[in-house]
Amino acid sequence: MAAAGGKRWSLAGATALVTGGSKGIGHAIVEELTGFGARVHTCSRNVAELEECRRRWAEKGFAITVSVCDVAVHSDREALMATVKDTFAGKLDILVNNAAQTMMKPAVECTAEDYSRLMATNLESCFHLSQLAHPLLRGASVAGGGSILHISSIASYLGFEGAVLYSITKGGMNQLTRSLAAEWACDNIRVNCIAPGLIMTDMLKDVQVRGQHGSQLHVE
């Protein structure tokens, strides 16, 4: 990601919220945005992992702020956005909805609780956090206006055995992206989605080792 001549473009002055930044894709996004000069806030449910990340980032000289949040919980999402508003003085330029859970379980064995938890974590959280961020993103000062990025998956448009609930949530995320992009273009807010393939994060390692046993895997 470099401009002509090898010079990196800059996000200096931009502010960003990345959910689930303590590991995996979210962790990489946090460090990449910071490397481009953005001020980044991230969250995780795991207090120990989050604090360890904050310590390592501080040692690298990264001014990344953190807070504990379970994105599946409505009140946690409201508290997270209130923290972001205070941290960035009411300004937000970039929202990355990354935090997610997955599960490997035959469709006939999935419970109502399984469905509700994955929906709340993977899809409802994206919609609600986008809603909460909307007034902040409308005031974005970076070139091009505010930006929302949803981290989807190839499972959103391909069929994978045992991943029905995860696939449903990611398919919904794709349509959420299309709908918000159309509705919020007039507010100068861009809404995009990327659908990565299989990346060897902790989530995928856990799926390989434990998925055959039908375990629910909590991932951020």
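One residue stands out among those in the range 183-213 that are small (Gly, Ala, Ser), over 15 Å from residue 146 (Cβ atoms) and open to solvent by 20 Å² or more (accessible area, probe 1.4 Å): the one that is modelled with the highest pLDDT, which is 195. Residue 25 meets all of the listed conditions (1) of a type in the set (A, V, I, L, M); (2) outside any loop (DSSP other than H, G, I, E, B); (3) within 19 Å of residue 87 (Cα to Cα) but one, namely (3). Among residues belonging to the range 1-50 that are surrounded by 14 or more Cβ atoms within 10 Å (Cβ to Cβ), farther than 18 Å from residue 90 by Cα and among the charged types (D, E, K, R), point out the one that is modelled with the lowest pLDDT. Only one residue fits best here, namely 23. When residue 131 is tested against (1) closer than 20 Å to residue 181 by Cβ; (2) assigned to a loop (DSSP other than H, G, I, E, B), exactly one condition is not met: (2).
Would you confirm whether or not the range 65-73 contains a residue that is closer than 23 Å to residue 144 by Cβ and either open to solvent by 50 Å² or more (accessible area, probe 1.4 Å) or modelled with pLDDT of 95 or more (or both)? No, every residue in the range 65-73 fails to be closer than 23 Å to residue 144 by Cβ and either open to solvent by 50 Å² or more (accessible area, probe 1.4 Å) or modelled with pLDDT of 95 or more (or both).
The values are calculated or read from the model by the stated rules, or taken from the named source; none is laboratory data. Model, not experiment: these values are computed from the prediction. Virtual Cβ from ideal backbone geometry, glycine too; neighbours counted across all protein chains shown. These area figures cover heavy atoms from the full protein model, side chains too; ligands, DNA and RNA do not enter into them. Shrake-Rupley method; radii C 1.70, N 1.55, O 1.52, S 1.80 Å.
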